[in-house]
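Computed from the coordinates by the stated procedures, all read-outs in this text should not be read as laboratory data. No experiment lies behind these values; they were computed from the predicted model shown. Glycine also receives a Cβ, built like all others from the backbone with ideal geometry; neighbour counts cover every protein chain displayed.
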Amino acid sequence: MAKLPSFKDLERAGWIEKAVSYGSGFGAVTVGAIDPLIDAVQASTGTRLLDVACGPGHGAGRANARGSTAVGVDFAPAMVEIARRNYPDIEFDEGDAEALAFADESFDAVICAFGLLHMAEPEKAIAEAFRVLAPGGRYAFTVWAPPERHQFYEIVFGAINTHGRMDVALPPAPPFFRFSDAAESTRVLEGSGFTRVEVNEIPLVWRYNSPEAIVDMIYKSAVRLVMLLEHQTPEARQRIHAAVVEGASKWQRGSSYQIAVPAVLVSAQKPQP
């Protein structure tokens, strides 16, 4: 009997498939969180920085532009290739955030932009970030704010709850909004040895040209959400799509549309001995 794919297997396959289209979808929004991430780890000239789950490489690219020595890793080889094309002077490698191939205390800063959402064992990724940081080094990651503060997820999960099911047959995975909770992020980071945990919100906005575009963007540049949608019945999925378009149509501003898609920025420091 063939082994069923794990959540990690599905995530990796999804990001290989979506690598090219991600940049014009969610990637066009997530770039707004890069400078706050770089600021949170205080990256500047001479900082050794690791960009975990680097995707197209923009975090490492921005850090490098500030004078840091940046390295990027991603578990999707197609993403690594795109990052290399985007920033040919920066080192990008295929790598597992939950088992980093770097020596202890190799970096002064570690960032992870929206990557924890897609990891099967995010605690391992946080522990690995702690391990590769030098004493006094800083770690920062972003995740999405929960639906009650995030208009996109309010629309999409509202449509799924009304017209479909959240409890579909997917492999076990951590709760999507686990690290959106400040108390939970603080608990896990402090449990891994970090101190001086700070949690802030970044007010990002997603602009789109038509309500129908939002459904297209989901399938072009999301992975975990698409897993959930693809496991609905065809009839339920059609109703969900229609409800998403209806919800998205309410946010017209002039000749275009825009919805609030805030991110949660969490940062911490590895203590000095």
Worksheet entry | Number of the exception - Phe107 against (1) touching a residue at least 12 places away in the same chain (Cβ under 8 Å); (2) surrounded by fewer than 21 Cβ atoms within 10 Å (Cβ to Cβ); (3) not small (Gly, Ala, Ser) | (2)
Discussion item. When the residues of the stretch 25-48 are narrowed to those that are among the hydroxyl-bearing types (Ser, Thr, Tyr) and over 15 Å from the mean Cα position of the chain (by Cα), which ends up nearest to Ser106 (Cα to Cα)?
Written reply: Thr47
Worksheet entry | Residue within the stretch 127-146 that is among the polar types (S, T, N, Q) and surrounded by fewer than 19 Cβ atoms within 10 Å (Cβ to Cβ) present | no
Worksheet item: Hey, which of the strands (runs of 3 or more DSSP E) in the stretch 185-273, taking only ones fully inside, have at least 3 residues that are touching a Lys or Arg at 6+ places or on another chain (Cβ under 9 Å) and either surrounded by 15 or more Cβ atoms within 10 Å (Cβ to Cβ) or acidic (Asp, Glu) (or both)?
Response: 256-260, 263-269
Worksheet entry | The listed residue being in contact with a helix residue (DSSP H, G or I) (Cβ under 9 Å, 6 or more places away or on another chain) and more than 23 Å from Ala127 (Cα to Cα), out of Arg62, Arg85 | Arg62
Worksheet item: Which of the residues spanning the stretch 129-153 are touching a helix residue (DSSP H, G or I) at 6+ places or on another chain (Cβ under 8 Å), charged (D, E, K, R) and under 25 Å from Gly247 (Cβ atoms)?
Response: Glu148
Fill in: Hey, Leu204 in contact (Cβ under 8 Å) with a residue 40 or more places away in the chain, aliphatic (A, V, I, L, M) and under 25 Å from Phe141 (Cβ atoms) or not
yes
Discussion item. For the stretch 29-45, which positions are free of Cβ contacts under 8 Å to residues at least 24 places away in the same chain and in a loop (DSSP other than H, G, I, E, B)?
Written reply: Thr45
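Taking into account only those residues within the stretch 82-104 that are of a type in the set (Asp, Glu) and without any contact (Cβ under 8 Å) to a residue 24 or more places away in the chain, which is surrounded by the most Cβ atoms within 10 Å (Cβ to Cβ)?
Checking each candidate, the answer is Asp96.
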Worksheet item: Would a scan of the stretch 63-79 turn up a residue that is on the phi < 0 side of the Ramachandran plot, within 18 Å of the chain's Cα centre (by Cα) and surrounded by fewer than 21 Cβ atoms within 10 Å (Cβ to Cβ)?
Response: yes
Practice prompt. Kindly establish whether Val156 is of a type outside the set (Ser, Thr, Tyr), under 24 Å from Glu246 (Cα atoms) and in contact (Cβ under 8 Å) with a residue 24 or more places away in the chain.
Written response: yes
